[in-house]
1. Being modelled with pLDDT of 95 or more, among the acidic types (Asp, Glu) and away from the ligand (no atom under 13 Å from the Cβ) narrows it down to one residue among 250, 238; which is it?
2. Could you check region 321-337 and list, in sequence order, the residues that are at pLDDT 85 or above, among the aliphatic types (A, V, I, L, M) and away from the ligand (no atom under 16 Å from the Cβ)?
3. Quick check, is residue 196 over 28 Å from the mean Cα position of the chain (by Cα) and either under 17 Å from residue 318 (Cα atoms) or within 16 Å of the ligand (Cβ to nearest atom) (or both)?
4. Residues in region 171-187: is at least one more than 30 Å from the chain's Cα centre (by Cα), surrounded by 13 or more Cβ atoms within 10 Å (Cβ to Cβ) and in contact (Cβ under 8 Å) with a residue 40 or more places away in the chain?
5. Residue 84 versus (1) surrounded by 14 or more Cβ atoms within 10 Å (Cβ to Cβ); (2) of a type in the set (S, T, N, Q); (3) more than 36 Å from the chain's Cα centre (by Cα): which is the lone unmet condition?
6. Before we move on, is residue 299 crowded, with 16+ Cβ neighbours inside 10 Å, touching a strand residue (DSSP E or B) at 6+ places or on another chain (Cβ under 9 Å) and modelled with pLDDT of 90 or more?
7. Only residues in region 295-311 that are within 13 Å of residue 187 (Cα to Cα) count as the first member; pair them with residues that are more than 10 Å from the ligand (Cβ to nearest atom) and among the hydrophobic types (A, V, I, L, M, F, W, C), Cβ under 6 angstrom, at least 6 apart or cross-chain, and list the lot.
8. Do you know which residues across region 306-352 are in a loop (DSSP other than H, G, I, E, B) and among the charged types (D, E, K, R)?
Amino acid sequence: MLKDELSQILDEASAEIKSQSANLLDFLEQIRIKYLGKKGKLTDILKKLGTLSAEERPAIGAFANEIKTKIEELIADKQKELSNANFTKKLAEEKIDITLPAKQREVGKRHPISQIILELEDIFIGMGFDIGRGPEIEYTYYNFDALNTPKNHPARDIQDTFYIKRDGEEIREDDIVLRTQTSSVQIRYMENNNKPPIRMIAPGRTARVDFDSTHSPIFHQIEGLVVDKNIMLIDLKETLEAVFKSLFGEDTEIRLRPHYFPFTEPSVEVDYKCFRCGGSDDSCPLCKGEGWIEMLGAGMVHPKVLAGCGIDPMVYTGFAFGMGLDRLAMMKYSIDDIRNLFENDIRFLRQF
Ligand code: PHE
């Protein structure tokens, strides 16, 4: 009898749903397929309805539907029970103990050099400067030649400059260096189709063969370049004075001394008045009794440099400067050994 078969199916299904192994949601799904799926046991029987007589069919059909609904309910109930159980289990396992002390997170700090760079960028951007960038591994062309520093110049000596050997090279082909100065960015900036008026600074990392308490083989500079009509030495002085006043206060004084650089003419070195003693202390540890502290090199851009970058030196003039940032940071934060800046000792760096 179909009716008996149907009841039997309900018993079977219900036993399976309640069984131990039905404690898994996907096992439950297998059961659903087994009974109610396209090839399921119940479906098979429904297919046989056609063999019944017209009187029998409605009653058995209704009964079959009842069984189907019951099985569906059983499965739904079990599903609910299972996900409730999962939830309760999760709750128990993931209990949060709000009485535990919080994890200590250390707050990071900017490196003193980064702080100086950001501060200077702010000052220069306020004066309408653009920020230029160039690679730290540089062609000698940009680092030297284009800056009017030919092959025989002492700055190019292997004692002073880190040359890079290319893979598989036997003999040093000395055309790639760790840049010794950010001045290379002057050339790259002008070559890069930036036409006058130019106002550009370029902070970055530089390298020279040097190592003691005031020299590090890796150090930092900020370059400045201004090119326009009628730029004069006084523009350089005024600009630098404005910068140092923002850095160290309104009382800051600077002075220019004659100097030599291949890529500027005339060239100067810029000192600023010792803010510790103002020149009144012969044994001042900061200025060594000089009263002035050497800060940077600068000058009027050499006509050859401008011409090499496609800018007519008969029409345009410019000034450039390059300042060491490590020394500046040391001064500003009273750091006595430059190597502290590169050792990455958190206890040291945290202080600034
Ligand atoms: N590049 C020079 C140096 O490193 C400084 C400088 C920059 C001088 C620009 C003149 C103009 O010593």
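The values are calculated or read from the model by the stated rules, or taken from the named source; none is laboratory data. Predicted model, so just to flag it, every value in this text is computed and none were measured. With ideal geometry, Cβ positions are generated from the backbone for all residues, glycine too; neighbour counts draw on all protein chains shown.
1. 238
2. 329, 330, 335
3. So residue 196 fits the description; yes.
4. no
5. Of the numbered conditions (1) surrounded by 14 or more Cβ atoms within 10 Å (Cβ to Cβ); (2) of a type in the set (S, T, N, Q); (3) more than 36 Å from the chain's Cα centre (by Cα), the odd one out for residue 84 is (1).
6. Yes: the conditions hold for residue 299.
7. Filtered contacts from region 295-311: 308/146; 309/190.
8. Listed by number, the residues that qualify are 312, 336, 337, 343, 345, 350.
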